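The values are calculated or read from the model by the stated rules, or taken from the named source; none is laboratory data. All values derive from a computational prediction rather than experimental measurement. Here the Cβ positions follow ideal geometry from the backbone for every residue, glycine too, while neighbour counts run over all protein chains shown. Please note that ligands, DNA and RNA were not included when accessible areas were found on the heavy atoms of the full protein model with its side chains. Shrake-Rupley method; radii C 1.70, N 1.55, O 1.52, S 1.80 Å.
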Amino acid sequence: MVAQDAHAHSAPQGFIRKYIFSLDHKVIGLQYFFLALTAVFVGMFLSLLMRIHMIWPGVSLPLVGEIKPETYLSLLTMHGTIMVFFVLTTAPQGGFGNYVLPIQIGAPDMAFPVLNMLSFWTTFVGFVVIIAAFFVSGGAPLHGWTGYPPLSALQSAGPGEGLGADLWITSIAIFCVASLMGALNFITTTLDLRAKGMTMMRMPLTVWSWFITAILGLLAFGVLLSAGILLLMDRNLGTSFYVPLVVVNGQVLGHKGGSPLLWQHLFWFFGHPEVYIAILPGMGVASQVLSTFARKPIFGYKAMVYAMLGIGFLGFMVWGHHMFMSGMSPYSAFAFSILTMCIGVPSAIKTFNWLGTLYKGRIRFHTPMLYAIGFVSLFVSGGLSGPFLAQPVLDIQLHDTYFVVGHFHLIMGVAAIFGIFAATYYWFPKMFGRMMNETLGRIHFFITLAGTYAIFMPMHYLGMAGQTRRYSQFTEVAYQAKLIPLQTFITVAAIITTSAQIIFVINLFWSMFKGPKASDNPWEATTLEWTTTTPPPHDNFGGVTPVVYHGPYEYGVPGAPRDFVMQNDPATVSAH
């Protein structure tokens, strides 16, 4: 109690303190959510422009004009960067993590409210800086979202590699600082502010996933921040961390002794944990939602916790599998290959436990449940191509093809997005006090699921046929041109799927104001956020600190008056 009293701060009075520079974790969570919603539409728009250019290379579009090959590479770079940082990292962790984690552990707020506010506004500045890269002379950078030097380290390397690239690196560095602040806050809150009776092994799996994600963020973003600062120094101060002795356009540049591979190591040491930062919160949400709507305790709770911890630990040991093409020693490649196969084990444990949770459950097919099942489907489909890419001998053939694009979009891109959708439909009643429309939700789900598979499954075939990724058009090479009909199919699917997201936006904003009023616990769930009023008061529980007597998934308990036992119900029924 002492720790919690120290963090009490009175409810804000003015508009600016209440909604803009708010210290309330719920408002900050919503700010993160709407920032990510903005970013995802920017990212989708960029990907649509890329798809259109691949099929109709010569077309001149209104507002955009003709897309040149270098413009295509800029679109690719900015699409990847915005989606990975400002959507997949921002929405699940910053948005839902901030809103729900303190309520689920029975805390009045995050441990450091001011730091929380700073982390959001720093993220916002990072987003403004990266968008600014489109509008400076030379435009946005074209070095890919991975930013490999020397292309990214030399101002003269191409259009967009001037000020645009500096803004790109600066934006990522700002984002790193924001994520480090957020990670410290999440870890401290989870360890220090749990309510009485909320032991670590009684925490919902969502809380575990945000906690482990924060640990990954704390360890990974510092590395990327350092790498970005060194890259800025190479570009602007004449240092040679990444640039060897190179000749560009017949001119010897004033660099020597740097290693482009150093950037790859630093970037991927961040980059692989980053894909787990994107997917782990989705795993937590899937576990929460599957258990709630199957009306069964989660299958193997402790195994789920240890599997997530295992994924977090192994996630730092596999970064070399992104670099099989870099001429690494076959011995190193073998080690990274074995470790990459190992990380499939905890992922498989989680998958079988999700299926075990569904088995013989009294399943309620509400929209959040559909998205959670869709998440598992995409996670498995995207994961199956992983073991192929984990073999260096196969990866060297497949690495620069669409096979990789299909793989990581399914397992980390769209799977994480489905986790975000599941979380939105699930917690929307608690956040806004109203229900979302079920019919629109289902239409949105089925179009999005079918569309996702129609876009990313064919990419595996393109990759096996040797279609090179990062090419802006395929008309010049005979064997590539034969694959254009499949690319056309993907583009049509992408246009339909993107259009379907308008259904979600209409549902979201219409339901906020006009949706039917929600009760305090519309899903008959057990965790603490459903014990308080809807929407929750400023200190989450109206001055009463909850006391926890049960685990988070007590569904179908024999002898209980209802088919679920809330975590704060007095301990009258013997728990599972």
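Conditions tested, residue by residue: (1) at negative phi; (2) surrounded by 23 or more Cβ atoms within 10 Å (Cβ to Cβ); (3) free of Cβ contacts under 8 Å to residues at least 60 places away in the same chain; (4) assigned to a helix (DSSP H, G or I).
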{"residue": "ALA227", "(1), (2), (3), (4)": "yes, yes, yes, yes"}
{"residue": "LEU230", "(1), (2), (3), (4)": "yes, no, yes, yes"}
{"residue": "LEU245", "(1), (2), (3), (4)": "yes, no, yes, no"}
{"residue": "GLY254", "(1), (2), (3), (4)": "yes, no, yes, no"}
{"residue": "PHE267", "(1), (2), (3), (4)": "yes, yes, no, yes"}
{"residue": "PHE270", "(1), (2), (3), (4)": "yes, yes, yes, yes"}
{"residue": "GLY282", "(1), (2), (3), (4)": "yes, yes, no, yes"}
{"residue": "VAL289", "(1), (2), (3), (4)": "yes, yes, no, yes"}
Legend entry - Residue check for TYR359: more than 17 Å from ILE311 (Cβ to Cβ), crowded, with 18+ Cβ neighbours inside 10 Å and at pLDDT 95 or above: no
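In the list PRO552, PRO558, PRO546, which residue meets the criterion of being farther than 17 Å from TYR99 by Cα, open to solvent by 40 Å² or more (accessible area, probe 1.4 Å) and not hydroxyl-bearing (Ser, Thr, Tyr)?
Values: PRO552 fails: open to solvent by 40 Å² or more (accessible area, probe 1.4 Å); PRO546 fails: open to solvent by 40 Å² or more (accessible area, probe 1.4 Å).
So the residue among PRO552, PRO558, PRO546 that is farther than 17 Å from TYR99 by Cα, open to solvent by 40 Å² or more (accessible area, probe 1.4 Å) and not hydroxyl-bearing (Ser, Thr, Tyr) is PRO558.
Could you please let me know if PHE432 is aromatic (Phe, Trp, Tyr), under 19 Å from ILE503 (Cα atoms), touching a helix residue (DSSP H, G or I) at 6+ places or on another chain (Cβ under 7 Å) and crowded, with 23+ Cβ neighbours inside 10 Å?
On the way: aromatic (Phe, Trp, Tyr): yes; under 19 Å from ILE503 (Cα atoms): yes; touching a helix residue (DSSP H, G or I) at 6+ places or on another chain (Cβ under 7 Å): yes; crowded, with 23+ Cβ neighbours inside 10 Å: no.
So PHE432 does not fit the description; no.
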Inset, instruction - Within segment 407-423, count every residue that is touching a Pro at 6+ places or on another chain (Cβ under 9 Å) and either closer than 15 Å to SER377 by Cβ or not in a helix (DSSP H, G or I) (or both). - result: 4
Inset, instruction - Would you please list the contacts, defined by Cβ atoms under 7 Å and residues six or more apart or on different chains, that run from a residue in segment 9-30 that is within 24 Å of LEU508 (Cα to Cα) to a residue that is part of a helix (DSSP H, G or I) and of a type in the set (Ser, Thr, Tyr)? - result: HIS25/TYR99; LYS26/TYR99; VAL27/TYR19; GLY29/TYR99; LEU30/TYR99
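Within segment 335-351, work out how many residues are assigned to a helix (DSSP H, G or I) and either of a type in the set (Val, Ile, Thr) or farther than 20 Å from PHE313 by Cβ (or both). Write out each step before concluding.
At the first step, the residues of segment 335-351 found to be assigned to a helix (DSSP H, G or I) are 335-342, 344-351.
Then drop every residue that is not either of a type in the set (Val, Ile, Thr) or farther than 20 Å from PHE313 by Cβ (or both), which leaves 338, 340, 345, 349, 351.
Matching residues across segment 335-351 total 5.
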Inset, instruction - Say whether the condition of being of a type outside the set (Asp, Glu) and under 23 Å from GLY310 (Cα atoms) is met by at least one residue in segment 224-234. - result: yes
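Search segment 458-501 for residues being of a type in the set (Gly, Ala, Ser) and within 21 Å of LEU46 (Cβ to Cβ), and hand back the single one that is surrounded by the fewest Cβ atoms within 10 Å (Cβ to Cβ).
To start, the set of residues in segment 458-501 that are of a type in the set (Gly, Ala, Ser) comprises 463, 465-466, 472, 478, 481, 493-494, 499-500.
Among the residues that remain, those that are also within 21 Å of LEU46 (Cβ to Cβ) are: 472, 493-494, 499-500.
Details: SER472: 17, ALA493: 20, ALA494: 21, SER499: 12, ALA500: 17.
Out of the qualifying residues, it is SER499.
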Legend entry - Residue pairs meeting the criteria (Cβ under 7 Å; at least 6 apart or on separate chains; first closer than 17 Å to ALA481 by Cβ, in segment 57-70; second in a loop (DSSP other than H, G, I, E, B)): PRO57/GLN473; PRO57/THR475; PRO69/SER472
Inset, instruction - Kindly check whether there is at least one residue in segment 192-201 that is assigned to a helix (DSSP H, G or I), over 20 Å from GLY238 (Cα atoms), open to solvent by 10 Å² or more (accessible area, probe 1.4 Å) and touching a residue at least 40 places away in the same chain (Cβ under 8 Å). - result: yes
Legend entry - Number of the condition not met by PHE241 [criteria: (1) closer than 19 Å to ILE172 by Cα; (2) touching a residue at least 60 places away in the same chain (Cβ under 8 Å); (3) of a type outside the set (D, E, K, R); (4) part of a loop (DSSP other than H, G, I, E, B)]: (2)
Legend entry - When residues of segment 213-225 are limited to those that are touching a helix residue (DSSP H, G or I) at 6+ places or on another chain (Cβ under 6 Å) and open to solvent by 10 Å² or more (accessible area, probe 1.4 Å), the one nearest to MET200 (Cα to Cα): LEU218
Legend entry - Entirely in segment 436-518, the helices (runs of 4 or more DSSP H) that have 1 or more residues that are touching a residue at least 24 places away in the same chain (Cβ under 8 Å) and on the phi > 0 side of the Ramachandran plot: none
Legend entry - Lone unmet requirement of (1) under 30 Å from ALA571 (Cβ atoms); (2) assigned to a loop (DSSP other than H, G, I, E, B) for PHE211: (2)
Inset, instruction - Specify the residue that is surrounded by the fewest Cβ atoms within 10 Å (Cβ to Cβ); the eligible residues are those in segment 520-535 that are over 18 Å from PRO368 (Cα atoms) and β-branched (Val, Ile, Thr). - result: THR533
Inset, instruction - Check off (1) modelled with pLDDT of 95 or more; (2) over 28 Å from the mean Cα position of the chain (by Cα); (3) open to solvent by less than 50 Å² (accessible area, probe 1.4 Å) for LYS517 and give me the number that stays unchecked. - result: (3)
Inset, instruction - Please verify whether segment 34-55 includes one or more residues that are of a type outside the set (Val, Ile, Thr) and outside any helix (DSSP H, G or I). - result: no
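Within segment 379-400, is there a residue that is closer than 19 Å to PHE299 by Cα and surrounded by fewer than 22 Cβ atoms within 10 Å (Cβ to Cβ)?
Just the residues of segment 379-400 that are closer than 19 Å to PHE299 by Cα, to begin with: 379-380.
After this cut, where a residue has to be surrounded by fewer than 22 Cβ atoms within 10 Å (Cβ to Cβ) as well, the list is 380.
For segment 379-400, residues closer than 19 Å to PHE299 by Cα and surrounded by fewer than 22 Cβ atoms within 10 Å (Cβ to Cβ): present.
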